[in-house]
Amino acid sequence: MSRYFSEEHEWIEVDGDVGTVGITDYAQGQLGDITFVELPGVGQAVAKGDSVSVVDSVKAASDVYSPVSGEVTDVNAALGDAPELVNSDAETGGWLFRVKLSDAGELGSLMDAAAYEKYVEGL
């Protein structure tokens, strides 16, 4: 599996042709306590850069953008009852949705962990 990061603070972990997407620990820290997560529909086609989810927090509502194009294959239903999972476990159990990649070449425009860390340090 490989993990990539976007400048919009999403992460995607790819296993075969399926990627699991969430927001980074940095993003959840900036948002504060998450109060609600609006998830995309299973089967929904998404394009790289599309707003596909919304995370509401005590500070603001924030769009979540798909880091790749493809079709949503699964969503994290646990977030319906426990949106705070995004705060407590942002980069594992707080994942938002899974997408079947339509163009794995899009991963090349994303950052690896070291590049993302450097990017965040510059903010």
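The values are calculated or read from the model by the stated rules, or taken from the named source; none is laboratory data. Note that the structure is predicted; figures quoted are calculated from it, not measured. With ideal geometry, Cβ positions are generated from the backbone for all residues, glycine too; neighbour counts draw on all protein chains shown. Each accessible area value is taken on the protein alone, full model and side chains, heavy atoms only, with ligands, DNA and RNA left out. Shrake-Rupley method; radii C 1.70, N 1.55, O 1.52, S 1.80 Å.
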Given +1 on the Cβ of Lys and Arg, -1 on the Cβ of Asp and Glu, and no further charges, what dipole in debye does the chain carry about its Cα centre, rounded to the nearest 20? 100
Alpha-carbon Debye profile of the stretch 1-50, log10 I(q)/I(0) at 0.17, 0.18 Å⁻¹: -0.64, -0.71
Using a Förster distance of 30 angstrom, determine the FRET efficiency expected from the C-beta separation of residue 47 and residue 77, and round it to 0.05. 0.80
Just the number, please: carbon plus sulfur as a percent of the accessible area of the chain, 1.4 Å probe, no ligands or DNA/RNA counted. 48
Please turn the phi angles of the stretch 24-35 into ³J(HN,Hα) values with the Karplus equation 6.51 cos²θ - 1.76 cosθ + 1.60 (θ = phi - 60°), one per residue in order, whole Hz, x for glycine and proline. 6, 4, 4, 5, 5, x, 6, 7, x, 5, 7, 10
Rolling a 1.4 Å sphere over the protein heavy atoms, what is the accessible area per residue of the stretch 1-111, to the nearest Å²? 46
For residue 48, give me every one of the lysines with a C-alpha distance below 22 angstrom, ignoring sequence neighbours fewer than eight places off in its own chain. 100
Integer Hz, Karplus 6.51/-1.76/1.60 couplings in order for the stretch 115-123, x for Gly and Pro: 5, 5, 4, 5, 4, 5, 4, x, 7
Distance in Å, no decimals, from the C-alpha centre of the stretch 74-100 to the one of the stretch 52-72 is 12
Using 5 Å bins from zero, what percent of all Cα-Cα pairs in the chain falls into each bin? 2, 13, 24, 25, 21, 12, 3, 0
By the mean-Cβ-within-10 Å protection proxy, highest first, 81-87, 6-12 rank as 6-12, 81-87
